[in-house]
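A short reminder: the numbers here are calculations on the coordinates, not readings from a lab. Bear in mind that the values here come from a model prediction, so they are computed numbers and not experimental data. Note: ideal-geometry Cβ built from the backbone for every residue, glycine included; neighbour counts use all protein chains shown.
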Amino acid sequence: MSMAKESRNSEELMLADLSHWEIGPYHGALPGQMCLRLTLDGEVVVSGKVETGFLHRGLEKAIEIHPWRAAITYADHLDPEAAVFGELALCLAVEQIAGYQIPARAVAIRAILSELSRVSAHMLHMVKVANSVGAETMIHYVLRDRERVLDLFELLTGARFSLSFLRFGGVRNDVTEGFIERVLEACVLIRARIKEYNDLFTFNRTFLKRTSKVGVITPELAKKTGLTGPNARASGLPMDVRRAFPYLNYPSQDFDVPVGRGEGGAVGDAHDRFLVRLREIGESLGILRHLAESMPAGDFLCPGVELDAATPETVALQIPPGEAYARIESSRGLLSCHVISDGGERPARVQFGVPSVAALAALPEVLKGIWIEDLPVVLSSLDISLAEADR
Amino acid sequence: MDANTILTKLNRAVPGVIFDRGRIAGPEPVPFGWVDGKSLRRLVEALRADQEISADHLENISVAQVGDALMVTYFFRAAHGCFALRATAVPAEPNAWVSFPTVRDLWPMAAPMENYSCELFGIRFVGADGVELEIEASLVLKAKDSEAGSRGFPLRKNFVVGGSSS
Amino acid sequence: MSDLNDKPGTSIFSTTKNYLVDILSGFHSACGSFMTALPYLFGKGDLRKEVTEQYPDPISSKTADDLPPRSRGLLFNDIDRCTGCKSCQKICPTDCIQIEVDQRPDSAKVWVSVFDIDFSNCVFCGLCVEVCQPQSITHTRNYERAAYGPKELVASFGRGKITPEQKAKWAAQRERNGEEGIMSP
Amino acid sequence: MSAESLGFSPGTPEWIVSIVGLLGVYAVVIFPSVALMSWLERKLIADFQARVGPNRAGPAGFFQPIADLLKLLQKDTRYHWSWREGLWLAVHTMALYSTVAVIPLGSSLIFVNTDMSAFLPFWAALVLALGTMLLGFSQKSVNGWFGGVRVGVQALAGALPALVCMLCAGVRAGSFRWTDLASSQGGLPLGWTAFSNPFQFVAFVVFVASGLVLLSIAPTSGGLSRIDLHGGVSAELSGRRLSLFRLGRFYVFFLWSVIAVVIFLGAWILPGNLAEIISQQIGPFSLAVIELVCVLVKAYALMMGVVWLSRVVPHGRVDQITNFAWRVLSPFSLAALMGAAIWAGWRALL
């Protein structure tokens, strides 16, 4: 029997024994609605192909149909888990075209909101990784503490996820009284809880063994597929948009950018991606405390843009013709927004450059050679948002 | 070496290709150069080959319809700053395909962006050897082809959004 | 464990040492996780009390007035204050507000015959509340609107359609008022 | 299990007595402990995770397990029943419930008290693993296939250390009969086999750990409760088959902890001569009940410890589990066996 096998060349031989598994679009291991076509050699993945497009809602087309102000609501539906980043990118671009001067207080409120949603998004990432590894208690602890951040969102903006709180020229409303104290309280509480997560989960050897050297992204692959954000920093590329292209009041904030050091065994593995995000939560808490303590006074919206004083005629905002391109550091990476306005009531074109697309492009490379039990670990460590990738 | 010197350097490398310049506003203004669609491929190869500029990050490919011409903007992040290249092409009639040279072999990160604009704007990306790249149609294209493709490409201005939104 | 014997040239003692250290650190970290969860068993301190609650719990569950001041619940339109200016309809991102307006017989105000908000499309962004000059449309604190079908999710606040004959009667009455120049309230 | 103690006239044939006894064990011990344990587990884990836990069905959700059972029973099974699947489920059930005859619940509450009765649950566990694997293969789905393979692989890895640790206890007690194994232990914890000498303690820990690996129970569930396989073999089961499968999984966990208690944790031995006093004053029946309660309490405590471990600690990959079994559990169980044998031999010389 073995003689017959030798006659076939090794390539054909290899392919004969492989099995094919098509996962998706609805599956517990997947971060969202996507299809994975895997060829497996036993339990080890030989190659994988990704198909997306299931969550295409035509966001950019919808923005072109509705008036300018409605674009804010669509921008924060770009990434439901960290809503304020889409709005922020759009507002920064449109304010460049319209030439609004943003008061310092509005800039501080925006910075607080973006750091809070970075903390809440990274906590959600911890929940996904804990779920993929089967640490059930960790999920409940992190979700319970994330509620504190969502309560802060509701206290300030009235909504827990899709805030639609930013406006072109500032923010919708001033800070509710008691918000600043609650932010400081939340910072202290979450920092104490991170110590508890570490004892329970991060320093646990089984977690280390499940994530070390799993789904390694080499710096070359990260550069090749254009990875940005925590995924790229975990692979050793220290690029952070808040440092490289400063916006809001980040130049005056001092925070360091954690980079993957390979404590889990290899630089750029799932363990590094988890640790980088954990350290970024610590950094964001530092920024939040600094912002909350040094909250400037003044009005929260640049004068002349208030909507309350708008009459039925001036409801539709008129943005002068022009073009702008803004980059921000969202919780998943570099989020860019390219706005073109032809002076009319509706935006001519709003285009979002999204970080999850690069993570999806890196997947086929990363999936080679992992066990299928590690598939959920790799997919959740990359923190891919399909809603953002398909727009 | 700021962005403008990069553009002049490129202009010298492939004479007469960048016929106009401009600047996109933003927290970090992005100078860009208008490029003639035909020689875009040669310019991009020269850019990729040039080690001194080392523009190894293609950050974003943004396509927009201005008037009836499709305008493709390539945003680059080089070692010393960011710049952009912009080219336009006019489709023969509103629902026709348009062809652009691909850059995915030089910058692999361009592949998903090109697929996205191919499906939504109807841009065929032509490989280095002149052969049109066949992309596996994702759901958006399949949905469009299945229900009488005559409605055109979603993000073009002549595409009427029907459905029950109102 | 799996990479124990990959490193050639390690002596028997260092291998067994690594082996035992590996087991001990595994046991130690398992106990670490154990002990972190232990205090929850005895409910020490407020950190450890239950966070979930049975809804609707007569005592502890959040009622409307526990919600923060700005929370955006279901919308309500006070039709008397509404001037039928349709700016909320224009600004709504998901076009879920439908308004139809008729002329009143006697006063300058309008008769808002249809004012429907389709909560199956509404994303509660609050733009309509922000843009409403007479502040007739506001967020209530109510968030319970489960329904069996999309039809039940349409909240209508209008005064009701008027029949064509009534419209003609009102138009005639307006001419009469117009001639006598009486501007009734 | 004498006929009189069950209130039968001496002339009744043997098989009637054993049937009534078996059904009695099911009704009194296994089903109530299934309900009690699944409720206790959900409440305990909810407490660990700052949650309330089931509180709708009955006071503090006490009847939640019954509600689950009724809900499962009314659901229909996914697709028509093929004989192949029926065969493997029969193998599965046979392997499980044949061990009820041997389960040691008290000095007088054992049906079959033979010399080799300690090994029947061990072989039943292997046949169970085979049955689960082939049940998975016959489901024609990826979840079933990989779930089955993982259960089979783990059973192989967990078999050797489990058996060797059982030998350690047998070496100390001098025989594998349940009553001898139990009576060789003292009433107070110090007299238990597990704490009698360090080697026996290692044998106890390794016995429990390898039992978990052998039977794919919670922390080392080998693909039966994983998110990549949606529950492995149980992914395709629904309705009464799923309830049968879950009952089987729980029964195996319960059986293994009862055996661990009987062998290592001083089965039903009451301190001092309490046993004689009770049997004289109150009567043999109440002694059997007290002994049963003593065994069950210890078994529940052991199960709660395992559940606590499984919900708090992240789970290892299947190859890491089998690696752990081959490279840590097996060597330690052999070392424990040598130590226990030398210890017992040395003791005999003195």
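Quick look at the numbers
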| quantity | calculated |
| --- | --- |
| Rg over Rh [alpha-carbon atoms, Kirkwood Rh] for segment B:3-144 | 0.96 |
| Estimated inter-spin distance, residue D:119 and residue D:14, nm [label 7 Å along Cα→Cβ] | 2.2 |
| Chain B: relative contact order in percent, alpha carbon pairs under 8 Å with at least 6 residues between | 16 |
| Chain B: most fluctuating residue of B:63, B:103, B:44 per GNM, C-alpha cutoff 10 Å | B:44 |
| Alpha-carbon Rg/Rh ratio, for chain A, with Rh computed the Kirkwood way | 1.02 |
| Amide H within-cut-off set for residue B:23, under 5 Å, with H built and near neighbours excluded | B:32 |
| Number of Lys pairs (Cα under 22 Å; 8 or more positions apart or on different chains) in segment C:67-180 | 10 |
| FRET efficiency estimate (nearest 0.05) - Cβ-Cβ, residue B:157 to residue C:161, R0 25 angstrom | 0.10 |
| Over segment A:8-152, volume per residue of the alpha carbon convex hull, in Å³ | 167 |
| Rotationally averaged projected area of the protein assembly as shown (alpha carbon convex hull; nm²) | 59.4 |
| Exposure proxy ranking, count of Cβ atoms within 10 Å, fewest first, for D:93, A:211, C:163 | C:163, D:93, A:211 |
| Rounded to whole Hz, the Karplus (6.51, -1.76, 1.60) HN-Hα couplings of segment A:252-261, x for glycine and proline | 8, 9, 10, 8, 9, 9, x, 10, x, 10 |
| Cut-off 12 Å between beta-carbons: net charge of the residues surrounding residue C:112, Lys and Arg +1, Asp and Glu -1 | +1 |
| Karplus-derived 3J(HN,Hα), 6.51/-1.76/1.60, for each residue of segment B:83-94, Hz, glycine and proline x | 8, 9, 10, 9, 9, 10, 8, 10, x, 4, 10, x |
| Simple label model, 7 Å out from Cα along Cβ direction - residue C:113 to residue D:74, nm | 4.9 |
| FRET efficiency for residue C:52 and residue D:35, using Cβ-Cβ distance with R0 set to 35 Å, rounded to 0.05 | 0.90 |
| Potential lengthening between residue A:299 and residue A:223 on full extension [0.36 nm per residue; Cα-Cα distance subtracted] | 23.1 nm |
| Computed over segment D:159-306, the ratio Rg/Rh where both radii use C-alpha atoms and Rh is Kirkwood | 1.06 |
| Contact order relative to length of chain A, as percent, for alpha carbon pairs under 8 angstrom and 6 or more apart | 27 |
| Residues B:74, A:26, sorted so that the one with the fewest Cβ neighbours within 10 Å comes first | A:26, B:74 |
| Sequence-distant lysines (8 or more away, or on other chains) whose Cα lies within less than 20 Å of residue C:49 | A:195, C:62, D:43 |
| Under 27 Å from residue C:17, Cα to Cα: lysines that are on another chain or at least 8 residues apart | A:209, A:213, C:7 |
| Amide H contacts of residue A:334 (H built 1.01 Å from N, under 5 Å, at least 5 apart or other chain) | A:228, A:229 |
| In sequence order, calculated HN-Hα J values of segment A:123-140 (Karplus, 6.51, -1.76, 1.60; Hz; x Gly/Pro) | 5, 5, 5, 4, 4, 5, 5, 4, 5, 5, 9, x, 8, 5, 5, 4, 4, 5 |
| Backbone N within segment B:36-72 under 20 Å of label point (7 Å from residue B:12 Cα along the Cβ vector) | B:42-55 |
| For chain D, Kirkwood radius (reciprocal of mean inverse C-alpha pair distance, Å) | 21.3 |
| Positive minus negative residues near residue A:203 (Lys, Arg vs Asp, Glu; Cβ under 12 Å) | -1 |
